[in-house]
Amino acid sequence: MYADSALEAAFRCHKVGMLAAVELAGAGGMLVGVTAACGLLGALAGWALGGTGLGLVVGLIVGIPAGIFAVYRRYRSFFT
């Protein structure tokens, strides 16, 4: 009976570790996705105004804090 309890405890610990890795991957994907989307929108706005490169830079500058905010809003329960 003790071996079963140890095995169950190890399995639960393994599942928690896998969950943390999945959450980290999701947070990273969201960060990259939001930042890239802002960069793309900035490049499109820059293209419409005649400066694609400048629009891309501005979009990425806006996208980095936007991505951080999006990850914080999605995973805020993990920060408390």
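A few remarks follow.
- Residue count for the stretch 24-55 satisfying the condition of being in contact with a Ser or Thr (Cβ under 6 Å, 6 or more places away or on another chain) and closer than 14 Å to residue 74 by Cα: 0.
- Within the stretch 21-43, being more than 11 Å from the chain's Cα centre (by Cα) and closer than 16 Å to residue 66 by Cβ holds for 36, 37, 38, 39, 40, 41, 42, 43.
- Per-region count, the stretch 47-57, residues over 16 Å from residue 32 (Cα atoms) and surrounded by 16 or more Cβ atoms within 10 Å (Cβ to Cβ): 1
- Residue within the stretch 7-20 that is surrounded by 14 or more Cβ atoms within 10 Å (Cβ to Cβ), of a type in the set (A, V, I, L, M, F, W, C) and either at negative phi or modelled with pLDDT of 80 or more (or both) present: no
- Here the stretch 42-80 is the region considered, the condition is being within 17 Å of residue 25 (Cα to Cα) and either among the aromatic types (Phe, Trp, Tyr) or not in a helix (DSSP H, G or I) (or both), and the residue that is modelled with the highest pLDDT is 69.
The values are calculated or read from the model by the stated rules, or taken from the named source; none is laboratory data. Note that the structure is predicted; figures quoted are calculated from it, not measured. Note that we place each Cβ from the backbone using ideal geometry, even for glycine, and neighbour counts take in every protein chain shown.
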